[in-house]
Every structure is written in structure tokens, then in C-alpha cells.
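Novice: Please find one structure pasted underneath; my questions will follow.
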Amino acid sequence: MRSEGGGGAAARENRSQGQRRARERRDGDRARVAGARLARGFGAAALLVGFVVQERRASEPLLPPLLFRNDIFNVSSAMSFLMSMAMFGALVYLPFYFQIVRGATPTVSGLMLLPLMAGILIMSITSGRLVTRTGRYRIFPLLGTIVMTTGLITMTLVGQSTPYAEMAVFMAIFGAGMGMVMQNVILATQNAVDYSVMGTATSGIMFFRSLGAVFGTAMFGAIFVNRINAWLPRLLPLQARAEFHIHASASGLNVTPASVRRLPLEVQHAITGAVVHAIHTVFVVAVPFAAVSIVFAVRLRELPLRATSGIEGSKPGAGDEPPVELDVGSIV
């Protein structure tokens with residue numbers, strides 16, 4: 001009995017030491033991860049400061065600091081950044097939803113985004129023709145951000161059994177909002193800056209649009225993966241959890257969409273449910289970013305459209321000509 005009691009105490013001591021060492025390893029890993037993140041943050045800040053200093057000293061800077069003295073350029077850049085975050089960050093996961101939840105092939109899942117593209121195309125053309133006819137452009141970014149935010153709000157209603165026709169309407173609404181914003185913020189910027197920096201200003205808007213896409217994809221990707229891994233243990237049966245080891249990572253699920261259909265029915269329901277919950281969270285988080293773009297759209301100033309092209313305006317003496325008054329009508 002004594003030997004058994006002594007052996008039990010030793011076993012408990014060994015377990016305690018093992019748990020203590022495991023905690024120490026976890027704490028060490030967390031400290032290393034935190035240190036690495038802090039170092040990356042300081043490195044990014046240092047690079048940003050260095051970039052600003054270099055741009056202020058350069059004779060031909062990539063992004064002239066004088067552009068940031070123009071409020072229209074600043075507002076347009078912010079709107080482009082937020083718009084791209086919402087579009088590329090949130091909607092990039094719709095094809096994944098179509099493949100996992102709807103069982104669509106990769107090709108068909110891409111074709112299912114056509115209502116979104118149609119909304120962008122139709123409203124880009126329509127708003128452009130109205131701007132040409134009336135000379136007024138400010139109304140379109142404002143209406144576009146409102147419609148875009150409304151479209152994102154409707155996308156939060158998407159579930160496992162949402163009809164595709166209903167989703168197509170949601171995507172078309174979002175696309176229509178995007179179409180009214182994308183080109184008109186570039187027009188506003190080109191109309192507000194000097195001819196000598198018009199190309200640089202245009203590329204600056206495109207740069208902030210690309211930057212928003214990068215930030216949005218990274219941020220919403222992390223949210224999407226985190227939510228899938230949070231919901232899978234809740235929805236998977238206990239036996240299936242130990243048998244299949246299904247989880248998500250930056251590259252997606254560790255099971256292909258085709259193989260999901262060959263899994264037991266309760267496992268399929270757990271996976272599709274986790275994906276639906278995850279994409280719902282992504283859309284909910286994307287709504288405030290789209291809503292903030294409305295604030296910037298309200299602050300966008302409107303200037304009379306120029307009557308000369310960039311080539312004509314850059315000619316010597318072009319600035320001496322009196323400005324041409326445009327016949328500004330009301331938008332029907």
C-alpha cells in the first residue's frame with residue numbers, strides 16, 4: 001500500500017511538472033509572438049517615417065506631399081481605401097461560400113458573382129453619362145456609398161437556405177453602389193489637381209484602392225478563418241471531431257469542397273453551418289467600414305468640371321484663357 005501511495009504521489013508530481021513545463025512553453029511562445037509583432041510594428045512605423053522624409057526631400061517624389069494638401073484628393077483616397085476593403089475583403093469569400101454551402105464548382109461559383117459585376121458595370125456607365133450631361137458628380141459618390149452600405153447590410157441576411165435569386169439582388173445592390181463610386185472619385189480628383197500632377201494623383205487613388213484591398217483581404221481573412229475554427233467544434237459531433245480533424249487556415253479548409261459532399265451528413269451540416277456563421281460575421285464587420293465611407297462622401301467638395309483636357313491645359317498660355325461655364329442641370 002505504501003509503495004502504491006508513493007507511486008501515485010510520484011505520478012501526480014510528474015503530471016504537475018509536465019503541466020508546468022507546458023505552461024512555460026506556451027508563455028514563452030506567446031512572449032516570442034508578441035515580441036515579433038511589436039518588432040514588425042516598429043519596423044513598419046520606421047519605414048513609413050522614412051518614406052515620408054524621403055518623399056519630402058525628393059525632387060520627383062513618387063507621391064508628392066503637396067497632393068495631401070488637397071482635401072478632394074484626401075477624401076477620394078479615403079473612400080477608395082474603404083471601398084476596396086469592403087469589396088475585396090468581404091466579397092472575395094462569396095465563391096468559397098458558393099462552393100462549400102451550395103456545392104458549386106469553382107467555375108460556376110465565379111459566374112455566380114455576375115450580378116455584382118453587372119451592377120458595377122451598369123451604374124458606372126449610367127453615372128458617367130449623367131455626369132457628362134449635367135456636369136455634377138458629387139451626388140454619385142454619396143448615393144453610391146449609401147447603396148453600397150445597404151447592399152452589405154442585406155448580405156448579412158445570407159444563410160444556408162437563402163435562394164440564389166435573393167442573393168443576386170443583394171450582390172447587384174452592392175455592385176450598383178460600387179459602380180457609382182469607383183470612377184467618380186477618380187474624376188473628382190483629376191478635376192481638382194493641377195495638370196502637372198494629374199497622372200500622379202490618379203495613380204495615388206489607385207494605390208490607396210490597392211492598399212485597401214490588401215488590408216481588407218488580410219483582416220477579413222483572419223476573421224473568416226477564426227470564426228470557422230470557433231464554430232466547427234460547436235457544430236461537429238464529438239466522434240466526428242476526433243475522427244476527421246477538420247479545421248480552417250489561411251489557405252482554406254483542410255478538406256476540398258468536392259470531398260465535403262462525401263462526408264457524413266451531420267459533418268456536412270456542421271461545415272456548411274460554420275462557413276455561414278463565418279461569412280455572416282465578415283459582412284457584419286464590413287458594414288461599419290462602408291458606413292464610414294458615407295461620412296467621407298458627404299465631405300467631398302464639388303468643383304465645376306474643366307472644359308479642357310490635360311494635354312490642352314498643360315500647353316503654355318492655356319491657363320490665360322477664361323474658364324468655360326458649364327450648363328449644370330438637375331439629375332433626373
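The values are calculated or read from the model by the stated rules, or taken from the named source; none is laboratory data. Computed from a predicted model, the values in this text were never measured in an experiment. Positions of Cβ are backbone-derived with ideal geometry, glycine not excepted, and every protein chain shown enters the neighbour counts.
Novice: For the range 220-253: of the residues being more than 24 Å from the chain's Cα centre (by Cα) and outside any helix (DSSP H, G or I), which is surrounded by the fewest Cβ atoms within 10 Å (Cβ to Cβ)?
Specialist: Filtering first and then ranking leaves 245.
Novice: Among (1) modelled with pLDDT of 90 or more; (2) surrounded by fewer than 17 Cβ atoms within 10 Å (Cβ to Cβ), there is one condition residue 196 misses while meeting the rest; what is its number?
Specialist: Here residue 196 clears every test but (1).
So that you can scan it fast, the table gives a plain yes or no per residue for (1) farther than 22 Å from residue 134 by Cβ; (2) part of a helix (DSSP H, G or I); (3) at pLDDT 55 or above:
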| position | (1), (2), (3) |
| --- | --- |
| 291 | yes, yes, yes |
| 297 | no, yes, yes |
| 312 | yes, yes, yes |
| 319 | yes, yes, no |
| 323 | no, no, no |
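Rundown of residues vs (1) in contact with a helix residue (DSSP H, G or I) (Cβ under 8 Å, 6 or more places away or on another chain); (2) modelled with pLDDT under 75; (3) under 30 Å from residue 193 (Cβ atoms); (4) part of a helix (DSSP H, G or I), yes/no style:
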residue: 15; (1), (2), (3), (4): no, yes, no, yes
residue: 18; (1), (2), (3), (4): no, yes, no, yes
residue: 25; (1), (2), (3), (4): no, yes, no, yes
residue: 66; (1), (2), (3), (4): yes, no, yes, yes
residue: 75; (1), (2), (3), (4): yes, no, yes, yes
residue: 99; (1), (2), (3), (4): yes, no, no, yes
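Novice: Still on this model: Could you check residue 274 against (1) closer than 30 Å to residue 65 by Cβ; (2) surrounded by 16 or more Cβ atoms within 10 Å (Cβ to Cβ); (3) not charged (D, E, K, R) and say which number it fails?
Specialist: (1) is the only condition that residue 274 fails.
Novice: From 84, 77, grab the single residue that is among the small types (Gly, Ala, Ser), under 27 Å from residue 292 (Cβ atoms), touching a Leu at 6+ places or on another chain (Cβ under 8 Å) and in the same structural domain as residue 215 (by TED's automatic domain parsing).
Specialist: That would be 84, the only listed residue that is among the small types (Gly, Ala, Ser), under 27 Å from residue 292 (Cβ atoms), touching a Leu at 6+ places or on another chain (Cβ under 8 Å) and in the same structural domain as residue 215 (by TED's automatic domain parsing).
Novice: Considering only residues that are closer than 22 Å to residue 107 by Cβ and either in a loop (DSSP other than H, G, I, E, B) or not assigned by TED's automatic domain parsing to the domain that holds residue 108 (or both), which ones fall in the range 254-280?
Specialist: 255, 256, 261, 262
Novice: Please name all residue pairs, on different chains or six or more residues apart, with Cβ atoms under 6 Å, provided the first residue is in the range 230-249 and is of a type in the set (Phe, Trp, Tyr) and the second residue is surrounded by 13 or more Cβ atoms within 10 Å (Cβ to Cβ).
Specialist: 231/274; 231/277
Novice: Identify the residue in the range 256-287 that is under 21 Å from residue 155 (Cβ atoms) and polar (S, T, N, Q) and, among all such residues, is nearest to the chain's Cα centre (by Cα).
Specialist: Among those residues, the one meeting the criterion is 281.
Novice: Considering every residue within the range 174-186, establish whether at least one is under 21 Å from the mean Cα position of the chain (by Cα), surrounded by fewer than 19 Cβ atoms within 10 Å (Cβ to Cβ) and either over 18 Å from residue 85 (Cα atoms) or at pLDDT 95 or above (or both).
Specialist: No: zero hits.
Novice: List pairs: first in the range 172-186 and in contact (Cβ under 8 Å) with a residue 40 or more places away in the chain and not assigned by TED's automatic domain parsing to the domain that holds residue 205, second assigned to a helix (DSSP H, G or I) and crowded, with 24+ Cβ neighbours inside 10 Å, Cβ under 9 Å, 6+ apart or cross-chain?
Specialist: none
Novice: Residues 131, 147, 158: which one is at pLDDT below 95, over 19 Å from residue 213 (Cα atoms) and part of a helix (DSSP H, G or I)?
Specialist: Testing whether each residue is at pLDDT below 95, over 19 Å from residue 213 (Cα atoms) and part of a helix (DSSP H, G or I) leaves just 131.
Novice: Is it the case that the range 62-79 has a residue that's in contact with a Lys or Arg (Cβ under 7 Å, 6 or more places away or on another chain) and among the hydrophobic types (A, V, I, L, M, F, W, C)?
Specialist: Checked the range 62-79: at least one residue is in contact with a Lys or Arg (Cβ under 7 Å, 6 or more places away or on another chain) and among the hydrophobic types (A, V, I, L, M, F, W, C).
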